[in-house]
Amino acid sequence: MSASHTIDAIAAGVEAASRAPASNAGQISEQRRQSVRRAAEAPELVTIRNLKMYFPVTEGALLPRTVAHVKAVDDISFSIRKGETLGLVGESGCGKTTTGRCILQLEHATGGEIIYDGRNLIGLDRKSMLALRQKIQVIFQDPYSSLNPRMKIGDIIAEPMKVHRTEPDKAARIARVRELLRLCGLDPRFADRYPHEMSGGQRQRVGIARALSVRPEFIICDEAISALDVSIQAQIINLLEDLRDEFDLTYLFIAHDLSVVRHLCHRVAVMYLGKIVELAECDELYSDPLHPYTQALLAAVPVPDPEVERKRAHKIVKGEVPSPINPPSGCVFHPRCELANESCSRIVPQFRELKPDHWVACSLV
Amino acid sequence: MSKLLEIDDLQTHFFTSAGVVKAVDGISYDVNQGETVAVVGESGCGKSVSALSILRLVADPPGRIVGGSICFEGRNLLKLSEDEIREVRGKDIAMVFQEPMTSLNPVLTIGRQLTETLEQHLNMTRERAVARAVELLGMVGISDPGRRLKQYPHHFSGGMRQRVMIAMALCCEPKLIIADEPTTALDVTIQAQILELMKDLTRRLGVALIVITHNLGIVARYADRVNVMYAGRIIESGTAGDIYHRPHHPYTLALLRSVPRMDRPRQARLDPVQGQPPDLTRLDDGCAFRPRCGFATPRCAEAAPPLAPVDAGAHIAACWQAASVADALKRAS
């Protein structure tokens with residue numbers, strides 16, 4: 001622990017303890033409204049149209065033949081504006097990570113378009129893609145498996161600069177690594193250490209420094225804080241926010257923790273079984289969720305307050321997520337939905353704008 | 001209510017090449033009949049090791065219970081012979097683990113794993129055991145239990161496996177269930193289902209429950225009493241209301257303030273707990289939370305504060321500055 005950490009800790013602790021929980025809430029929401037408005041007026045940076053990602057399921061070892069498809073992402077469309085943080089939430093297997101991987105071109109989408117800054121990434125040649133990949137970076141969930149244990153921290157952070165030749169001069173690269181470490185709240189001396197010498201939170205800071213090394217515009221955060229301890233999560237959330245403001249970054253924030261998403265995101269898209277079921281501005285989605293799945297998801301999150309919990313109605317959604325190999329007909333949520341009627345099993349609901357900027361895929365609302 | 005389990009000054013240490021790790025360093029708490037007690041803390045704070053110690057499941061070497069006592073219905077579990085403790089495991093005290101895939105045997109059917117316990121512990125005949133297994137699977141909400149009994153763990157989803165684990169835990173009608181992060185590997189909607197199921201079953205069957213978790217929301221919803229652990233020690237203990245509304249330890253306070261809450265207006269910034277969790281091989285005599293604490297004074301470096309009562313009830317906290325923490329909180333609200 002460095003001395004500056006300790007001083008920070010004392011300052012923050014006293015400050016925190018003497019501040020009311022929601023004393024300047026009015027001012028905060030005004031600041032936030034401004035930033036939401038700014039983002040809402042910005043041009044679209046990423047546009048996803050009818051994206052489909054089907055993985056073949058094969059049988060037979062010698063001559064494998066395709067017997068079915070896993071529809072990991074099934075015809076989704078959304079856009080991310082410049083400077084915006086879009087939250088993509090849903091449970092495991094809903095396709096949120098696959099969506100991120102498609103944008104990064106780590107998966108070759110089955111269909112649809114991914115327009116980044118006016119260019120379709122699908123079908124782009126390797127050379128142009130490499131150039132674009134400098135602008136699109138990713139932060140992974142597990143800081144233990146996403147850092148090479150045999151590389152020093154400094155080399156890990158410098159790697160993207162070598163690949164993209166942004167910093168050809170070695171001395172400049174070393175200086176940049178030190179600057180990035182400082183920026184991400186780490187001691188520059190960490191450059192000579194190995195990942196195993198660091199805690200989970202520190203490793204995640206390294207992952208962030210690596211993503212920032214080539215000055216990206218757009219960062220995909222794939223469950224970037226899920227593996228961290230509660231006390232460390234808030235540190236990383238604050239860091240992501242600071243970096244967003246400082247470098248005017250655009251985030252796709254993939255997560256399953258709904259309270260964190262609410263804190264960080266401007267707009268939120270809810271995915272279920274390969275489809276986006278609801279998309280709205282953050283406050284709107286949390287205060288007036290329209291899709292029964294969104295409602296169930298929000299109700300399932302326990303609030304850290306015993307009194308609030310006692311008074312809260314606990315509506316629990318029954319059943320489990322069906323297999324994406326053979327998804328339910330009609331609305332994919334209908335087998336678990338309380339409101340479902342006979343037509344829900346037949347008719348695929350339209351994804352429609354029910355209120356201004358509030359999209360939902362449910363025929364019953 | 002009478003005391004079912006009394007843990008007194010439990011110490012479990014790990015003897016590693018890097019030195020002695022005091023994973024559990026003198027913790028004491030008790031559990032009444034039918035009560036739900038939570039142990040909260042972050043990874044490495046010793047909460048899981050303390051749970052494993054109750055059933056003497058800590059791998060030796062490197063771990064060893066070096067002191068204290070664990071009395072279950074008046075019997076000290078640490079003094080029992082290997083045969084006697086095996087009788088207690090699963091029968092009087094059952095465990096539900098975090099990762100249901102690794103705690104089920106992949107090459108045995110679900111039915112075999114359930115009936116084995118029933119035949120071993122309760123001397124049931126095969127037929128009676130199967131009938132009871134069907135009943136148990138039905139109880140934990142698995143439909144078509146007769147057919148499911150013949151299936152293997154890989155046929156079950158994560159949530160279903162955790163239901164099977166709970167059914168196994170309930171097999172011998174234990175008096176106490178220890179659930180170690182029972183829902184951490186599950187999705188939120190499934191987590192809610194499993195927690196409701198456990199709450200419902202413990203109420204109905206009068207089983208006491210120890211929930212080990214890092215999730216403050218789960219604790220708020222389900223626990224009667226809460227123990228907060230940090231660096232191998234309990235640093236605060238009390239009713240859920242005490243801990244959430246009147247925290248007296250800076251760590252408890254910081255932990256509560258660091259999570260964004262959906263029921264409150266959004267904060268401009270979160271108040272994280274600064275710094276990193278401590279290295280357990282390098283603890284000194286002072287308070288382990290001192291380097292991250294905003295209330296620390298020179299006294300905190302001299303000696304670790306003992307757990308002391310902070311009110312007339314059973315609310316205790318281990319902090320020299322407990323009064324100032326409470327004051328600061330009162331001023332703030």
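Throughout, read-outs are computed from the coordinates displayed, never taken from laboratory work. All figures in this text were calculated on a predicted structure; none of them were measured in a lab. Here the Cβ positions follow ideal geometry from the backbone for every residue, glycine too, while neighbour counts run over all protein chains shown.
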In whole Hz, with x marking every Gly and Pro, tabulate ³J(HN,Hα) for region B:316-333 from phi via Karplus 6.51 cos²θ - 1.76 cosθ + 1.60, θ = phi - 60°. 10, 9, 10, 8, 5, 9, 3, 5, 5, 4, 4, 4, 4, 5, 5, 4, 5, 9
So what are the ³J(HN,Hα) numbers for region B:204-214, from phi and the Karplus equation (6.51, -1.76, 1.60; θ = phi - 60°), rounded to whole Hz, Gly and Pro as x? 5, 9, x, 8, 7, 9, 10, 9, 9, 7, 10
Quick one: give the max-minus-min coordinate of the C-alpha atoms of region A:67-122 along each principal axis, largest first, in Å. 41, 25, 18
May I ask you to derive the relative contact order of chain B, considering only C-alpha pairs under 8 Å and at least 6 residues apart, and to give it as an integer percent? 19
Within a 10 angstrom radius of each residue's Cβ in A:252-264, how many Cβ atoms of other chains show up on average? Whole number is fine. 3
Cβ-derived FRET efficiency at R0 56 Å, B:Ser81 paired with B:Ser143, nearest 0.05: 0.85
Kirkwood radius from Cα pairs of region B:161-247 plugged into Stokes-Einstein at 25 °C, 0.890 mPa s, gives D in µm²/s equal to 177
To make sure I understand, if each residue's beta carbon is the centre and we count other beta carbons within 10 Å, what order do B:Cys171, B:Cys300 fall in, fewest to most? B:Cys300, B:Cys171
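Give me the one-decimal Kirkwood hydrodynamic radius in Å for chain A, with the sum taken over alpha-carbon pairs.
Values: mean 1/r = 0.0448 Å⁻¹.
Result for chain A, one decimal place: 22.3 Å.
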Rg (one decimal) and Dmax (whole number) from the Cα set of region A:101-180, in Å, equal 15.1, 44
Shielding by partners - mean other protein chain Cβ count within 10 Å, residues of B:187-199: 6
Projected onto their principal axes, the Cα atoms of region B:6-134 stretch, largest extent first, over whole-Å spans of 51, 33, 28
Cα centre as origin, Lys/Arg/Asp/Glu Cβ charges: region B:186-236 dipole, Debye: 160
Please rank A:Lys96, B:Lys22, B:Lys91, B:Lys79, fewest neighbouring Cβ atoms within 10 Å first, as an exposure proxy. B:Lys79, B:Lys91, B:Lys22, A:Lys96
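Starting from the Kirkwood radius over alpha-carbon pairs of the protein assembly as shown, derive D by Stokes-Einstein at 25 °C in a medium of 0.890 mPa s and give it in µm² s⁻¹. Please report the intermediate quantities before stating the final value.
Numbers: Rh = 27.2 Å.
D, rounded to a whole number, is 90 µm²/s.
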Tell me the trypsin sites (Lys or Arg not before Pro) within region B:106-187 that lie in a loop according to DSSP and have at most 15 other beta-carbon atoms within 10 Å. B:Lys150
Toy charge model, Lys and Arg Cβ at +1, Asp and Glu Cβ at -1: region B:131-247 dipole around Cα centroid in debye, rounded to 20, equals 260
Placing +1 on each Lys and Arg Cβ and -1 on each Asp and Glu Cβ in region A:245-365, then taking the dipole about the Cα centre, the residue among A:Tyr286, A:Ile325, A:His266 whose Cα reaches farthest towards the positive end is A:Ile325
Filter on A:Lys52/A:Lys318; A:Lys311/B:Lys3; A:Lys96/A:Lys152; A:Lys52/A:Lys355; A:Lys96/A:Lys318 - keep pairs with C-alpha separation over 24 Å: A:Lys52/A:Lys318; A:Lys311/B:Lys3; A:Lys96/A:Lys152; A:Lys52/A:Lys355
Under 5 Å from the placed amide H of A:Ile347, counting only residues 5+ away or on other chains, we find A:Cys331
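What's the average, rounded to a whole number, of partner chain beta-carbon atoms within 10 Å of each residue's beta-carbon in A:223-231?
Numbers: counts 0, 0, 0, 0, 1, 2, 11, 14, 15.
Partner-chain Cβ atoms within 10 Å, mean over residues of A:223-231: 5.
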Round to the nearest 10 and give me the degree value, 0 to 90, for the angle of helix B:110-122's Cα axis relative to the longest principal axis of chain B. 90
At B:Lys150 and A:Met151, where each label point lies 7 Å from the Cα along Cα→Cβ, what is the point-to-point distance in nanometres? 5.3
Calculated SAXS-style log₁₀ I(q)/I(0) at q = 0.10, 0.12, 0.18 Å⁻¹ - region B:3-223, Debye, Cα scatterers: -0.45, -0.65, -1.39
To make sure I understand, if each residue's beta carbon is the centre and we count other beta carbons within 10 Å, what order do B:Thr252, B:Thr109, A:Thr97 fall in, fewest to most? B:Thr109, A:Thr97, B:Thr252
Note down the nm distance, to one decimal, between modelled labels 7 Å out along Cα→Cβ at A:Met129 and at B:Gln33. 6.7
Which stretch or stretches of region B:227-243 have amide N atoms under 16 Å from the point lying 7 Å from B:Val66's Cα along the Cα→Cβ direction? B:232-233
On the first, second and third principal axes, largest extent first, how far apart are the outermost C-alpha atoms of region B:97-233 in Å? 46, 28, 26
Between A:Ser35 and A:Thr166, 0.36 nm times their residue separation minus their Cα-Cα distance comes to what? 44.1 nm
Tell me, how many Å apart are the Cα centres for region B:272-297 and for region B:1-63? 21
Hey, rough spin-label estimate for A:Leu62 and B:Arg264, points 7 angstrom out along Cα→Cβ, what's it come to in nanometres? 6.6
Whole-Hz Karplus ³J(HN,Hα) for region B:68-79, in order, using 6.51 cos²θ - 1.76 cosθ + 1.60 and θ = phi - 60°, x for Gly and Pro? x, 9, 10, 9, 10, 6, x, 9, 7, 4, 6, 9
Computed about the Cα centre, the charge dipole of chain B from +1 Lys/Arg and -1 Asp/Glu charges at the Cβ has a magnitude in debye, to the nearest 20, of 780
